[in-house]
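Here is the structure we will look at.
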Amino acid sequence: MSITEQLHQQRDAALTQIASAGDLATLESVRVAYLGKKGSLTAVLRGLGSLPPEERPLAGKVSNEVRVALEAALEARRAELSSVALKARIGAEALDVTLPGRSRPVGSRHLIEQIRAEVVDVFLGLGYQIAEGPEVELDYYNFTALNTPPDHPARSLQDTFYVRDLSGERSDIAGESDVLLRTHTSPVQVRVMESQKPPIYALAPGKVYRRDIADPSHLPQFTQIEGLVVDEGITFADLKGTLDHACKAIFGPDRRTRFRPHFFPFTEPSAEVDVSCGICAGSGCRFCKGTGWLEILGCGMVDPNVFGYVGIDPERYSGFAFGMGVERIAALKYDLPDLRVLLEGDMRFLRQF
Ligand SMILES: [Zn+2]
């Protein structure tokens, strides 16, 4: 076989292998096998020196052509394989910046907390200060100092959760206990009046407890917001003006209020306050049971006897107090048929607010 034939044979074999190389590493091994230092084409080229002089020009020309052809084929295949590899990598690492991000669920204030904050805001705007007291309270603050004598029915075991010490370590709360879960936020008023001198403009929001079975209109634990004002020259007109303003701020400027005489042990005179029905605007509907009014809070002028317990001179000072239920406001504002939804933690309900 002539040297030219040998070179062409090598070229054809190399071109076939180059064309079938499936990746860059295989292609490189083909290049080394032919054009590397110990490659077969390199070996042929080295042998050119031993050829007879008349054959050398032709052999040199052909071998050069073969080398150029192989290098060109290698380069073309390398470009092809590189682009395939690049496309595969782009495909694998694809990042679609137009996809929406993964959002984390964001919590929100519970409806009770929202309304509490709303009401607190109204009274902060009127210059009231927030007051707090213990939820586990002494009988004295919950009843006695609020003019509720020991034989008063509100103290009954049916209505109040009393705290007893079952371990026997606390003799002061064993047996007949004078420690209880507060049944209203009114004991905070007594504590405020004990620790502050008038003028007092205080608002006490907080949880209270009654021995009720949970049903659509009762909860054993609910939230009250109680207000107390003690100052010189406070009259029932101040009470009416304050609560009318608050009801309009909470329910809307077109709502009206009315005051009905009522009885509470710690205020005299006392009243219950109704706000005009927001659904029928006072003409009467199913929601307001045909009356046009919705009962919303209790209030009254602080009974002089209560001032006596805390050492405030009833001849110099007068005041008023009021209390409202946050759950009831929620039910009226959002037409809730059952108060229990407020405590059940059902996300389908809570997400609506
Ligand atoms: Zn109505």
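The values are calculated or read from the model by the stated rules, or taken from the named source; none is laboratory data. Not measured: the values here are computed from a predicted model. As a convention, Cβ positions derive from the backbone with ideal geometry for all residues, glycine included, and neighbour counts pool all protein chains shown. Quick note on the areas: whole protein, heavy atoms, side chains included, nothing else; ligands and nucleic acids left out. Shrake-Rupley method; radii C 1.70, N 1.55, O 1.52, S 1.80 Å.
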Residue satisfying condition, being in contact with a helix residue (DSSP H, G or I) (Cβ under 7 Å, 6 or more places away or on another chain) and modelled with pLDDT under 90, within set Leu339, Leu332
Leu339
Every listed condition ((1) outside any helix (DSSP H, G or I); (2) on the phi < 0 side of the Ramachandran plot; (3) open to solvent by 20 Å² or more (accessible area, probe 1.4 Å)) holds for Val208 save (3)
Within the range 122-139, is there a residue that is open to solvent by 80 Å² or more (accessible area, probe 1.4 Å), among the hydrophobic types (A, V, I, L, M, F, W, C) and over 30 Å from Asp178 (Cα atoms)?
yes
Thr185 vs. criteria among the β-branched types (Val, Ile, Thr) and modelled with pLDDT under 90:
no
